[in-house]
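Everything on this sheet refers to the single structure shown next.
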2 protein chains.
Amino acid sequence: MPKRLTADQYIQGLLAHDRLVLSRAITLVESTLPADQALAQQVLAAVLPHTGRSVRVGITGVPGVGKSTFIEALGMHLVGQGHRLAVLAVDPTSQRSGGSILGDKTRMNQLAAHPQAFIRPSPAGRSLGGVARATREALLLCEAAGFDVIFVETVGVGQSETAVHGMVDFFLLLMLAGAGDELQGVKRGIMEMADAVVITKADSGNELAAKRARVEYQSALRLFPHAASGWAPVARTCSALTGDGVAGVWEEIGRYLTLTQGNGYFEQRRQEQNLQWLRHSIREALEERFYARPEVAARLADVQQRVMSGQQSAFAAAAELLGLDGGA
Amino acid sequence: MPKRLTADQYIQGLLAHDRLVLSRAITLVESTLPADQALAQQVLAAVLPHTGRSVRVGITGVPGVGKSTFIEALGMHLVGQGHRLAVLAVDPTSQRSGGSILGDKTRMNQLAAHPQAFIRPSPAGRSLGGVARATREALLLCEAAGFDVIFVETVGVGQSETAVHGMVDFFLLLMLAGAGDELQGVKRGIMEMADAVVITKADSGNELAAKRARVEYQSALRLFPHAASGWAPVARTCSALTGDGVAGVWEEIGRYLTLTQGNGYFEQRRQEQNLQWLRHSIREALEERFYARPEVAARLADVQQRVMSGQQSAFAAAAELLGLDGGA
């Protein structure tokens, strides 16, 4: 098999639910080579009518919260019900040399080996924008290849969560029970994005603490404003070890889908997300072009220094740099 | 006096703390006429060394929370201590015909009449980006004119809070006591920006409910991650009617300043905010230029429709529109 397939081979392979072709198509959308990008866009355009028919779930939580074991447990529950599950990741800190949270598939032994599951680590070595874009395109490819549930996981310590929130239908925040300190690593704003907070590791004598944490988070979530979806975020406990609460998490997602598909929010949100991706793609390309101009790049560090120290106003500095752009 | 002053008249007037000149200089930065903008930048550049020496406080809360009376009470407390206070607003919904939350200065009777206070409604009739930019420039002008405390208020129902958060040192969220429903109007994410939550109207038999709300919010705030500032957000009650708690709010801000000026966060944050404004100014100008191109404007609605309905991928559509730009 050649290194790169033809557009037709990718398209036919995806629609035939060929996992090997899916894997290679994702490699293609991750590539930054112009020829690969052009081919990738051709493939995406062809399979687009076959996308959109999955439930997209964002899952976040700091390292140590038990994300892999949670995904393994919930994933096995889903494939047991007949679902086909793809697990993707957005982790801009991951390096090509490994270090991706999903790089070590051994933490998802059973799921990784299951014929109805597909696990793919985060693309590496690129900016958040690049990683998020590649992941979103991979998500569409997985849908074209027949996966009806997509998990997009992220590490919960950076800005990736906003990107993931912009590509999923339901956003799940994993938390540990504890005295409050456990939240130190979670970035501000993440809790308010959550449609559900799940307290993990509710087992091995930790049950009571988990239950207490659940009550605390549930009342904290009640203080948050009602979302446009009409959904009131829930807090639950769960043990990947005993399996307690795992099915319950999926039931909550089901309730969310029933509600939002009924009131029209689900479809409306998907449309808004599409428009957002259009705006972001344009913005990123414009900024990339601008900052890559030699005359801008040559002046930037100096201008930033003056703005930072308050010697020049941000607006005057912007006008100066934009002037170098020749008004183009 | 002519309609427009010379650059020198603006500069001398500001540095002489002339309120009438300040008012006209703000009108100048609010103007969208290219000639006014050029003059405004000249004035800003000249007074820039005299800016930055105020405490910048963002104040938000939905209509009905008692924002004007709170600002009047806290403001009178501050001028009584010898401070010079400027009150600005960011309200992109306000219309030239009135409707600005500060348009009706009668709700701040005493403060509006006080020689150490300066109240300026939100600039009207522009986008959030335009309003935010004008307000940030007005803030610098107020500092040049000798005001040492600046309040920037916003209505708490839109995206303005993020813009205000990006221009202030301390962010105050006003809340009413109640059963949780009162939060409906506050946008998600705002609570996690708050350095302090103040429960207003803790008077007239409402004292107990306010105290209960304070405890609730205080424990909710504890669940939030620690901020980079090292500051743990606080919840307090306050009555603009009896004056109870008003001085206490200012004391919290003082504690925040002591902490963050001591650990270096205050200065570092100001520098980051400057850089952010540079990036945003450039981004806005690039996007404005792009979407204003006739060939882009002519295709945009059609492309958006196809992306929204899922007929075209966001990335392919972006590439199509960017191609119209001739790679410039």
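The values are calculated or read from the model by the stated rules, or taken from the named source; none is laboratory data. For clarity, every value in this text was computed on a predicted model and none was experimentally measured. Using ideal geometry, Cβ is built from the backbone for each residue, glycine included, and neighbour counts are taken over all protein chains shown.
Numbers below:
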{"read-out": "Counted residues, region A:261-284 - those being surrounded by fewer than 19 Cβ atoms within 10 Å (Cβ to Cβ) and aliphatic (A, V, I, L, M)", "value": "1"}
{"read-out": "Any pair with Cβ under 8 angstrom, 6 or more apart, that starts in region B:28-56 at a residue that is surrounded by fewer than 17 Cβ atoms within 10 Å (Cβ to Cβ) and ends at one that is of a type in the set (D, E, K, R)", "value": "B:THR32/B:ARG126; B:ASP36/B:ARG4; B:HIS50/B:GLU143; B:GLY52/B:GLU143; B:GLY52/B:ARG270; B:ARG53/B:GLU143; B:ARG53/B:ASP148"}
{"read-out": "Test for A:VAL303: is it more than 23 Å from B:GLU137 (Cα to Cα) and in contact (Cβ under 8 Å) with a residue 12 or more places away in the chain", "value": "no"}
{"read-out": "Residue satisfying condition, being at pLDDT 90 or above, in contact with a Cys (Cβ under 8 Å, 6 or more places away or on another chain) and not assigned by TED's automatic domain parsing to the domain that holds A:ARG136, within set A:LEU39, A:LEU22", "value": "A:LEU22"}
{"read-out": "Residue among B:LEU257, B:LEU241 that is more than 28 Å from A:PHE224 (Cβ to Cβ), within 22 Å of the chain's Cα centre (by Cα) and either among the aliphatic types (A, V, I, L, M) or within 14 Å of another protein chain (Cβ to nearest Cβ) (or both)", "value": "B:LEU257"}
{"read-out": "B:TRP231, sole failed condition from (1) in a helix (DSSP H, G or I); (2) within 14 Å of another protein chain (Cβ to nearest Cβ); (3) aromatic (Phe, Trp, Tyr)", "value": "(1)"}
{"read-out": "Those residues of region B:207-234 which are of a type in the set (S, T, N, Q) and either crowded, with 18+ Cβ neighbours inside 10 Å or under 22 Å from the mean Cα position of the chain (by Cα) (or both), in sequence order", "value": "B:SER229"}
{"read-out": "Pair list, Cβ under 6 Å, 6 or more apart: region B:200-225 residue closer than 20 Å to A:MET191 by Cβ and part of a loop (DSSP other than H, G, I, E, B), other residue basic (Lys, Arg) and modelled with pLDDT under 90", "value": "B:PRO225/A:ARG188"}
{"read-out": "Meets criteria (in a helix (DSSP H, G or I) and more than 9 Å from every other protein chain (Cβ to nearest Cβ)) for A:GLU320", "value": "yes"}
{"read-out": "Filter result for the condition that a residue is of a type in the set (Lys, Arg) and out of contact with any Lys or Arg (no Cβ under 9 Å at 6 or more places or on another chain), over A:ARG283, A:ARG279", "value": "A:ARG279"}
{"read-out": "Qualifying positions in region B:73-92 - modelled with pLDDT of 95 or more and of a type outside the set (A, V, I, L, M)", "value": "B:GLY75, B:HIS77, B:GLY80, B:GLN81, B:GLY82, B:HIS83, B:ARG84"}
{"read-out": "Test: residue in region B:285-301 that is surrounded by fewer than 16 Cβ atoms within 10 Å (Cβ to Cβ) and either facing chain A (nearest Cβ under 7 Å) or among the polar types (S, T, N, Q) (or both)", "value": "no"}
